[in-house]
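Here the structure comes first, spelled out in structure tokens, and everything after it is commentary.
The values are calculated or read from the model by the stated rules, or taken from the named source; none is laboratory data. Note that the structure is predicted; figures quoted are calculated from it, not measured. Cβ coordinates were reconstructed from backbone atoms using ideal geometry, including for glycine residues, and neighbour counts include every protein chain displayed.
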Amino acid sequence: MVLDRKSIVPLHKQAEDLLRELIEKQEYKNGKLLPNEVDLAAQLHISRNTLRQAINQLVYEGLLVRKKGVGTKVVSKGITGGVQNWRSFSQEMKMLGVEIKNYELRISFRKPSPEVAAFFGTDTDTPCVVMERLRGNPQRPFVQFVSYFNPRLPITGEENFNQPLYDMLEEQYGIVVKTSREEISARLAGDKLAGKLDIAAGDPVLIRKRFVLDVNDVPVEYNIGYYKADSFTYSLVATR
């Protein structure tokens, strides 16, 4: 594996392309571990930070998975089942090898906004179960989530929301989520949100809306995530 230092293509992108070729080899297709980062960076004559940029991209795409204390391995084909292009927050962080901590968890009943009601096909007078979670790594929170659940579903608010959400919905109610439409925007943090994320009022936050449907295209969850701007990168891959 050799990188061309005279090329206009950045080294991390060249390393990414080489890793794509590597993981397509038969010996890696069934989930073999990659060489450790120190050895791999030495083979490519690049820094570990440059190598990690390449690996992180493939992790985001679901081609690689990091396991703490084990290493980075190729994802076996078909491991994501029917959900191939998106993951829950917990799954995303697990793929990146990031330990997650819940700083706050609050369940309430709330009347939805017109946008939320329109997504569920209900009226604004019908209360929804609403889950608010402040989440982050063990050092600090970096995202506040607000999830509205379709009032037509049997969700009561008494469920154990400390476990992975979509696993709980499937195990308890047979609700299998399949599709997520997303919108990304930005705004300045107000006092309340700034206090939760430990940033200054007026600092930028990224807003990620998710419109989640099940296998029958029934709306399940309207989710809004407010991320510290320096903690979130949204990656898109387009193939022509």
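May I ask you to list the residues in region 151-165 that are in contact with a strand residue (DSSP E or B) (Cβ under 9 Å, 6 or more places away or on another chain) and farther than 18 Å from R133 by Cβ? Those that are in contact with a strand residue (DSSP E or B) (Cβ under 9 Å, 6 or more places away or on another chain) and farther than 18 Å from R133 by Cβ: P151, R152, L153. Filtering region 34-64 to residues that are among the aliphatic types (A, V, I, L, M) and surrounded by 18 or more Cβ atoms within 10 Å (Cβ to Cβ) leaves L34, L40, A41, L44, I46, L51, A54, I55, L58, V59, L64. Scanning region 48-73 for residues that are closer than 12 Å to R20 by Cα, in contact with a Leu (Cβ under 6 Å, 6 or more places away or on another chain) and not in a helix (DSSP H, G or I) yields one hit, L64. Checking V143, V130 one by one, the residue that is modelled with pLDDT under 95 and hydrophobic (A, V, I, L, M, F, W, C) is V143 and no other. Can you find even one residue in region 122-136 that is in a helix (DSSP H, G or I), over 21 Å from the mean Cα position of the chain (by Cα) and farther than 27 Å from A189 by Cα? Taking every residue of region 122-136 in turn, none turns out to be in a helix (DSSP H, G or I), over 21 Å from the mean Cα position of the chain (by Cα) and farther than 27 Å from A189 by Cα. Could you count how many residues in region 9-47 are closer than 21 Å to V70 by Cα, among the aliphatic types (A, V, I, L, M) and part of a loop (DSSP other than H, G, I, E, B)? Counting residues in region 9-47 that are closer than 21 Å to V70 by Cα, among the aliphatic types (A, V, I, L, M) and part of a loop (DSSP other than H, G, I, E, B) gives 1. Here Q53 meets the list (1) out of contact with any His (no Cβ under 8 Å at 6 or more places or on another chain); (2) touching a residue at least 12 places away in the same chain (Cβ under 8 Å) almost entirely, failing just condition (1). Residues considered: G174, G157, G121. Of these, the only one that is loosely packed, with under 15 Cβ neighbours inside 10 Å, farther than 30 Å from A200 by Cβ, assigned by TED's automatic domain parsing to the domain that holds R210 and touching a residue at least 60 places away in the same chain (Cβ under 8 Å) is G121. Filter region 77-111 down to the residues that are of a type in the set (D, E, K, R) and modelled with pLDDT under 70, then identify the one that is farthest from T179 (Cα to Cα). Going through the qualifying residues, I end up with K77.
The residues of region 124-147 that are closer than 17 Å to E221 by Cα, of a type in the set (S, T, N, Q) and free of Cβ contacts under 8 Å to residues at least 60 places away in the same chain, listed by number, are T124, T126.
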